[in-house]
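Trainee: The structure follows.
The values are calculated or read from the model by the stated rules, or taken from the named source; none is laboratory data. Bear in mind the structure is a predicted one, so any value in this text is a computation, not a measurement. When we count neighbours, we look across all protein chains shown, and the Cβ atoms used for this are built from the backbone with ideal geometry, even at glycine.
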Amino acid sequence: MNVENLGDRYLAELQEARSVEAQLSEALPKMGDAANAKDLKRALADHLGETRSQLDRIDDILRRHGVDTRAHSDQSMQRIIAETDKWAGMVDDQACRDAGLIASAQRIEHYEIAVYGTLASWAVQLGLEKDAATLRAILAEDKSADDALTRLAKGEVNPDAAA
């Protein structure tokens with residue numbers, strides 16, 4: 001797809017967002033397996049369900065626009081996930097590994113927040129209010145997931161890692 005205007009860029013970025021969610025759907029179970037803390041395992045499992053729902057909603061938007069859902073692969077997410085896997089495999093101490101998994105999960109959330117904030121803004125600019133509402137909902141979910149990870153890190157995981 002050639003990108004000649006904001007509408008084209010918007011659709012290409014939606015395809016990238018779809019790739020982000022697909023990659024994350026595969027990575028979260030591995031992250032959950034690497035986690036030790038019960039609450040962290042639960043948070044990652046809960047986020048997997050949310051991620052799959054986000055993937056479905058992005059697919060719906062792309063189909064509504066008549067765009068191939070699998071045209072792009074987000075390389076930034078590939079790198080973030082590769083770093084997550086690398087660090088999870090390098091850290092033997094379970095509490096320290098959990099702290100690192102949260103840090104990695106928050107990097108992922110922050111990336112998604114940037115992606116969905118931009119997409120929602122572009123959808124509004126393009127007059128695509130139905131898209132914008134969906135994208136704002138996904139953005140709110142990712143912000144909530146980030147907040148939950150922060151609470152988990154501060155309340156349990158980071159203190160255990162520092163002990």
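Trainee: Take the residues in segment 111-135 that are among the small types (Gly, Ala, Ser) and assigned to a helix (DSSP H, G or I), then tell me which one is farthest from residue 156 (Cα to Cα).
Mentor: 123
Trainee: If you take the residues in segment 25-76 that are in a helix (DSSP H, G or I) and acidic (Asp, Glu), which one is farthest from residue 97 (Cα to Cα)?
Mentor: 60
Trainee: I've got another one for you. Just to be sure I understand, how many residues within segment 77-92 are out of contact with any helix residue (DSSP H, G or I) (no Cβ under 9 Å at 6 or more places or on another chain), charged (D, E, K, R) and part of a helix (DSSP H, G or I)?
Mentor: Result for segment 77-92: 2.
Trainee: Going through 68, 33, 93, 85 one at a time, which residue ends up being in contact with a Lys or Arg (Cβ under 9 Å, 6 or more places away or on another chain) and touching a residue at least 12 places away in the same chain (Cβ under 8 Å)?
Mentor: After applying the criteria, what remains is 85.
Trainee: Scan 56, 74 and give me the residue that is without any contact (Cβ under 8 Å) to a residue 60 or more places away in the chain and either among the basic types (Lys, Arg) or surrounded by 14 or more Cβ atoms within 10 Å (Cβ to Cβ) (or both). Outline the logic, then answer.
Mentor: Details: 56 fails: either among the basic types (Lys, Arg) or surrounded by 14 or more Cβ atoms within 10 Å (Cβ to Cβ) (or both).
The unique qualifying residue is 74.
Trainee: Is it the case that residue 138 is among the aliphatic types (A, V, I, L, M), closer than 22 Å to residue 76 by Cα and touching a Leu at 6+ places or on another chain (Cβ under 8 Å)?
Mentor: Here the answer is no, as residue 138 does not meet what is asked.
Trainee: Within segment 93-110, is even one residue at pLDDT below 95, part of a helix (DSSP H, G or I) and either within 21 Å of the chain's Cα centre (by Cα) or surrounded by 15 or more Cβ atoms within 10 Å (Cβ to Cβ) (or both)?
Mentor: no
Trainee: Could you list, in sequence order, all residues of segment 33-69 that are in contact with an Asp or Glu (Cβ under 9 Å, 6 or more places away or on another chain), under 23 Å from residue 15 (Cβ atoms) and of a type in the set (Gly, Ala, Ser)?
Mentor: 53
Trainee: Would you mind telling me which numbered condition in (1) surrounded by fewer than 18 Cβ atoms within 10 Å (Cβ to Cβ); (2) under 20 Å from residue 148 (Cβ atoms); (3) not aromatic (Phe, Trp, Tyr) residue 51 fails?
Mentor: Every condition holds for residue 51 apart from (1).
Trainee: List pairs: first residue in segment 100-125 and more than 17 Å from residue 81 (Cα to Cα) and without any contact (Cβ under 8 Å) to a residue 60 or more places away in the chain, second residue in a helix (DSSP H, G or I) and among the basic types (Lys, Arg) anywhere in the structure, Cβ distance under 7 angstrom, at least six positions apart or on different chains.
Mentor: 120/136
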